[in-house]
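S.K.: Here you go, one structure.
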Amino acid sequence: MFPILHIGPISIQTPGLILIIGLWIAISLSEKLHEKQGIAFEPIQQIIFYSLIFGIGFARLFYVFTYPKYFFQSPINIISLNPSLLDPWGAIIGIALVILWYVRRLKLNPASTFDSLSITLSIFLIFISLADWAAGGQIGVPTRLPFGMYFQGEYRHPVQLYQILSSTLITLLLLKIFMKKGERKPAQLTTLFIFLVSTAQLVISGLILNQDTIIAGFRLSQLFYFIIGLVSLYYLLNFPGTKRVTNG
Amino acid sequence: MKDNLIYRHRKLILFTYILFGFLILIITRLPQSAIAEYHNYSQPVKGFQAPDFSLESIQGDYVRLSDLRGKVILLNFWASWCPPCRYEMPTFQKLFQQYQNQKFVLLTINLTAQDSTNALDAFIQKYNLTLPILLDKDGKVARTYQIQSLPTTFIIGANGIIQDIIYGGPVSETLLQIRINQALKP
């Protein structure tokens, strides 16, 4: 769509700008909502801050270990600001280590910690969808629906708009449950978040034409989302009798 | 009460979800004809065929992109007035020499419609450039590739499909080496 934003002589990568703004909004909004519920947000803020640092650090480290000979030839690139030189699995491990460390160190309740992180992440997810729309890399399969987008001679599903819509609806639902007074089941919000996102992606990724590994016509990402959705639904349905957390 | 209702019907809910999942997988399955068809779409987007073009080089000969099918292509759009383009040009010169004997072609496309011949000549002399420089005199190729900022670099696989697009610069030499070597793998 519009990967580059021109402001006078300056060219800014729009997706990156949207993500930075989105992160700030997600943290600020989440903080205000937690304050209203009487839940301390400072530990979550620290987790997010150090997750960013260690997530990026581990992502770079993993990438360097994957392609060591190229970085050996040019060691300065180890500290390059280039976001393409990051490994997503490294980021996930870095973030997981930070969360684990903080939960143990500050003796936080893991379930409510993950619930708070899920609220923040769900708000940020809206901006991830917006950044994806700005980057404009996904093309939908053909459709006869009236709101199709015209591309390569056919009207197609506007998959990026579906992503924005689904992430917004998921966030609104989670916020509604979060703001409701009364008992909640442990990690209920986290599991619900995972379930809703997986289910939305199961449907939406089936409408994307490019950027996927396809085996016998089936998209590998859809199989992945289906399994995650099923596991999270199983966990959601087997809550009765477990210890509950109180909100407010 | 509501929780007990959900808990009592959990097997039915799970079964319904499994059915729903399989239905979605089957309905959205891509037939082989559709996969083959979309690989032929020509768009300056990752995963699609790089749009074909024919441009005159600075030496006077013409280069057509489709003639280079079977080789990995790095396509870089630049202009002499663009500071990141100046910084990264030595990197491209180095890569051109490094990968000369492999199934790799490096093409730089100068946006001549926005540049001047004098500035271009001075630029080539200053950086001792011997790599291929194509001249987009009317800006048509830049419009086809939807160039919104300079520099922009495309990495095109041997099958003609765009594997990566790098916006802005100066682009990291390490990143380019990794991407080129990934593309060169059989």
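The values are calculated or read from the model by the stated rules, or taken from the named source; none is laboratory data. The structure displayed is predicted, hence computed values, not measured ones. Cβ sites come from the backbone with ideal geometry, for glycine too, and all protein chains shown count toward neighbours. These area figures cover heavy atoms from the full protein model, side chains too; ligands, DNA and RNA do not enter into them. Shrake-Rupley method; radii C 1.70, N 1.55, O 1.52, S 1.80 Å.
S.K.: Based on DSSP, what percent of beta bridges with both residues in segment B:41-184 are antiparallel, to the nearest 5? Working shown, then result.
M.R.: Numbers: 16 of 27 bridges.
In segment B:41-184, DSSP labels about 60 percent of beta bridges as antiparallel.
S.K.: For chain B, what is the mean residue ellipticity at 222 nm derived from helices alone (per DSSP H run of n ≥ 4: -39500 (n - 2.57); sum divided by total residues; nearest 500 deg cm²/dmol)?
M.R.: Values: 7 runs with 75 residues, N = 186.
One gets -12000 deg cm²/dmol as the mean residue ellipticity at 222 nm.
S.K.: Assign unit charges at the C-beta atoms only (+1 for Lys and Arg, -1 for Asp and Glu), then state the dipole size of chain A relative to its Cα centre in Debye, rounded to the nearest 20. Numbers along the way, then the final one.
M.R.: Numbers: 17 positive and 9 negative charges, 138 e Å.
Using Cβ point charges on Lys, Arg, Asp and Glu, chain A gives about 660 debye.
S.K.: Can you run phi through the Karplus equation (6.51, -1.76, 1.60; θ = phi - 60°) for segment B:38-55 and list ³J(HN,Hα) in whole Hz, with x for Gly and Pro?
M.R.: For segment B:38-55, the Karplus-derived couplings read 6, 5, 8, 5, 9, 8, x, 10, 4, x, 10, 5, 5, x, 6, 7, 9, 10 Hz, x marking Gly and Pro.
S.K.: Does segment A:60-162 come out rounded, prolate or oblate by the C-alpha gyration tensor, with a ≥ b ≥ c the root eigenvalues, rounded set by a/c under 1.5 and, if not, prolate when a/b is larger than b/c and oblate if not?
M.R.: Working: a/c = 3.77, a/b = 1.35, b/c = 2.80.
Judged from the Cα gyration tensor, segment A:60-162 comes out oblate (a/c at least 1.5, b/c at or above a/b).
S.K.: Ordered by residue, what ³J(HN,Hα) values in Hz, to whole numbers, does segment A:37-43 give under the Karplus form 6.51 cos²θ - 1.76 cosθ + 1.60, where θ = phi - 60° and Gly and Pro are x?
M.R.: 8, x, 10, 5, 9, 4, x
S.K.: Under a GNM of chain A (C-alpha, springs under 10 Å), which listed residue has the highest mean-square fluctuation: A:Ala96, A:Ala216, A:Ala131?
M.R.: Answer for the Gaussian network model of chain A: A:Ala216.
S.K.: Could you give the distance between the Cα centres of segment A:1-77 and segment B:89-139, to the whole Å?
M.R.: Cα centroid to Cα centroid, the span is 34 Å.
S.K.: Keeping every protein chain in place, order B:Tyr167, A:Tyr63, A:Tyr150 by accessible area at 1.4 Å, biggest value first, i.e. largest first. Before the final figure, lay out the partial values.
M.R.: Details: B:Tyr167 70, A:Tyr63 15, A:Tyr150 145 Å².
Heavy-atom accessible area, descending, gives A:Tyr150, B:Tyr167, A:Tyr63.
S.K.: Sticking with this one: From the helices alone, meaning DSSP H stretches of at least four residues, give me the mean residue ellipticity at 222 nm for chain A, per-run term -39500 (n - 2.57), in deg cm²/dmol to the nearest 500. Walk me through the numbers before you get to the answer.
M.R.: Values: 8 runs with 154 residues, N = 248.
Helix contribution divided over all residues of chain A: -21500 deg cm²/dmol.
S.K.: Just how large is the dipole of chain B about the Cα centre, in debye to the nearest 20, putting +1 at every Lys and Arg Cβ and -1 at every Asp and Glu Cβ? Write out the running numbers ahead of the final one.
M.R.: On the way: 18 positive and 13 negative charges, 212 e Å.
It comes to approximately 1020 debye.
S.K.: Next up: Based on alpha-carbon centroids, what's the gap between segment B:31-51 and segment A:116-161 in Å, whole number please?
M.R.: Here the two parts' Cα centres lie 19 Å apart.
S.K.: Can you find, among B:Gln125, B:Ile147, A:Gly182, the residue sitting farthest towards the positive end of the charge dipole of the protein assembly as shown, where Lys and Arg contribute +1 and Asp and Glu -1 at Cβ?
M.R.: Value: A:Gly182.
S.K.: Report, by chain and number, residues whose modeled amide H sits under 5 Å from the one on A:Arg156, excluding near sequence neighbours (fewer than 5 apart, same chain).
M.R.: A:Thr143, A:Met149, A:Tyr150, A:Phe151
S.K.: Dipole of the protein assembly as shown (Lys/Arg Cβ +1, Asp/Glu Cβ -1, origin at the Cα centre): which of A:Tyr102, B:Ile27, A:Phe72 lies farthest to the positive side?
M.R.: Farthest along the dipole direction, towards plus: A:Tyr102.
S.K.: A further question follows. So for the pair A:Leu17, B:Gln182, with labels modelled 7 Å out along Cα→Cβ, what separation do we get in nm?
M.R.: Output for this residue pair reads 2.7 nm.
S.K.: In straight Cα distance, which lysines are under 20 Å from A:Lys180, not counting same-chain residues fewer than 8 positions off?
M.R.: A:Lys32, A:Lys36, A:Lys243, B:Lys2
S.K.: Something else now. Just to be sure I understand: of the beta bridges DSSP finds with both ends in the protein assembly as shown, what percent are antiparallel, rounded to 5? Walk me through the numbers on the way to the answer.
M.R.: On the way: 30 of 41 bridges.
The antiparallel proportion sits near 75 percent.
S.K.: Could you tell me what a quarter of the Cα convex hull surface of segment B:41-184 works out to, in nm² with one decimal place? Display every interim value, and only then the final one.
M.R.: Values: hull surface 30.1 nm².
Seen from a random direction, the Cα hull of segment B:41-184 projects 7.5 nm² on average.
S.K.: Compute the FRET efficiency between A:Thr143 and A:Thr213 as 1/(1 + (r/R0)^6), taking r as their Cβ-Cβ distance and R0 = 25 Å, and round to the nearest 0.05.
M.R.: Numbers: r = 23 Å, r/R0 = 0.92.
The computed FRET efficiency comes out at 0.60.
S.K.: Give the shape of the protein assembly as shown as rounded, prolate or oblate, defined through the alpha-carbon gyration tensor: a ≥ b ≥ c are the square roots of its eigenvalues, a/c under 1.5 means rounded, and otherwise the shape is prolate if a/b is larger than b/c and oblate if not.
M.R.: Cα axes put the protein assembly as shown in the prolate bin.
S.K.: Can you tell me which of A:Ile25, A:Ile123, A:Ile92 moves the most in a GNM of chain A? Springs connect C-alpha atoms under 10 Å apart.
M.R.: Answer for the Gaussian network model of chain A: A:Ile92.
S.K.: Mind listing the phi-derived Karplus ³J(HN,Hα) values for segment B:25-35, rounded to whole Hz, using 6.51, -1.76 and 1.60 with θ = phi - 60°, and x for any glycine or proline?
M.R.: 4, 6, 5, 8, 4, 8, x, 4, 5, 5, 5
S.K.: Given the options B:Leu75, A:Thr143, B:Tyr17, identify the residue whose Cα lies farthest towards the positive end of the charge dipole of the protein assembly as shown (+1 on Cβ of Lys, Arg; -1 on Cβ of Asp, Glu).
M.R.: Most positive-ward Cα: B:Tyr17.
S.K.: Label chain A by shape, choosing from rounded, prolate and oblate, from the square roots a ≥ b ≥ c of the eigenvalues of the Cα gyration tensor; if a/c is under 1.5 it is rounded, and otherwise prolate applies when a/b is larger than b/c, oblate when it is not.
M.R.: Working: a/c = 1.58, a/b = 1.17, b/c = 1.35.
Note, shape of chain A comes out oblate.
S.K.: Would you please give the residues with an amide H less than 5 Å from that of B:Val72, counting only those at least 5 places away or on a separate chain, with H modeled from the backbone geometry?
M.R.: When sequence neighbours closer than 5 places are left aside, the close amide H contacts are B:Phe104, B:Val105.
S.K.: Looking only at B:Gly168, B:Gly70, B:Gly60, which one moves most when chain B is put into a Gaussian network model with springs between Cα atoms under 10 Å?
M.R.: B:Gly60
S.K.: Which of the pairs B:Lys103/B:Lys140; B:Lys103/B:Lys126; B:Lys46/B:Lys126; A:Lys185/B:Lys11 have their Cα atoms more than 24 Å apart in this structure? Don't skip to the answer; put the middle values down first.
M.R.: Values: B:Lys103/B:Lys140 27 Å; B:Lys103/B:Lys126 28 Å; B:Lys46/B:Lys126 34 Å; A:Lys185/B:Lys11 20 Å.
From the list (B:Lys103/B:Lys140; B:Lys103/B:Lys126; B:Lys46/B:Lys126; A:Lys185/B:Lys11), the Cα-Cα distance tops 24 Å for B:Lys103/B:Lys140; B:Lys103/B:Lys126; B:Lys46/B:Lys126.
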